[in-house]
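Note sheet for the following structure.
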Amino acid sequence: MKKRYSNFFEKLICMGAVILAVIPLLYVAGKSVQVPEEYLTLFFKRPLYLRMMWNSLIITIPVLVGQLLLAPLAAYGFWQCRWKYKEILFYLYMIVMLMPLQLTLVPNYLVANWLGIQNSSLAIILPAMFQPLGVFLIRQQIQDFPQETLEAARLDGASEYRIYRSI
C-alpha cells in the first residue's frame with residue numbers, strides 16, 4: 001500500500017513538472033500564429049524589424065558555415081592525432097565552454113582592436129565560429145567509431161584527409 005502511494009506522488013510531481021514546462025511552450029506557439037494584421041503592422045509600421053532580421057542573418061550564416069567546417073576538423077584532430085598533450089589541450093579548450101561570456105569580453109575586444117575589426121560584424125562572427133560546443137559534441141559522437149575500420153582504410157592506402165572526409 002505504501003509503495004502505491006509513493007508511486008502516485010512521484011507521478012503527480014512529474015506531471016506537475018511537465019505542465020510547468022509545457023505552459024511557456026504553448027504560450028510561445030500561440031503567439032507565433034497571430035492574425036495576418038499583426039504581421040503587416042510589424043513589417044510596415046516598424047521598418048527596423050527587417051533591418052534587425054538582416055543583421056541576425058549576417059551574423060548567423062557565417063557562424064553556422066564556420067562551425068560546420070571547423071568543428072568536425074578539430075574534433076577529428078582531437079580524436080585521431082597522437083601526440084603527448086592532446087587530452088590536456090582538449091580539456092583546456094572545453095574549459096572555455098564553461099566560462100561565462102562576460103569573462104571573455106575584454107580579451108575579445110583587445111583581439112578585435114588589434115585586428116582592426118572592432119566596429120564590424122567580424123568581431124562577433126570570429127569568436128562565435130570557434131565555440132567549443134560543436135567540437136565537443138562531434139568528438140563524443142565519433143569516439144564510438146570502430147578503430148578497425150580506420151585501420152582497414154589506412155591499410156588500403158587512404159590518407160588521413162580521405163578518412164576524415166569519409167567519416
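Throughout, read-outs are computed from the coordinates displayed, never taken from laboratory work. Keep in mind it's a predicted model, so treat the numbers as computed, not measured. Here Cβ is always computed from backbone atoms with ideal geometry, including for glycine, and neighbour counts include all displayed protein chains.
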If you take all C-alpha pairs in the chain, what percent of them are over 19 Å apart? 75 percent
Distance between the range 1-60 and the range 91-125 - C-alpha centres, whole angstrom: 31 Å
May I ask for the longest run of the chain untouched by trypsin sites (Lys or Arg not before Pro) that are loop-located per DSSP and have at most 13 neighbouring C-beta atoms (other than their own) within 10 Å? 85-167
Contact order normalised by residue count of the chain, Cα under 8 Å, 6+ apart, percent: 29 percent
Once you treat every alpha carbon in the range 68-138 as an equal point and sum by Debye, what is log10 I(q)/I(0) at q = 0.11, 0.18 Å⁻¹? -0.33, -0.79
Run through the range 49-141 and list the chymotrypsin sites (Phe, Trp or Tyr not before Pro) located in a DSSP loop whose Cβ has at most 16 other Cβ atoms within 10 Å. TRP83, TYR85, PHE130
Kirkwood estimate for the range 108-167, i.e. one over the average of 1/r between Cα atoms, Å: 14.5 Å
Counting helices only, and only those DSSP H runs with n ≥ 4, report the 222 nm mean residue ellipticity of the chain as the sum of -39,500 (n - 2.57) divided by its residues, in deg cm²/dmol to the nearest 500. -26000 deg cm²/dmol
For LYS31, counting only aspartates and glutamates whose alpha-carbon sits under 17 Å away and dropping same-chain residues fewer than eight positions off, the answer is none
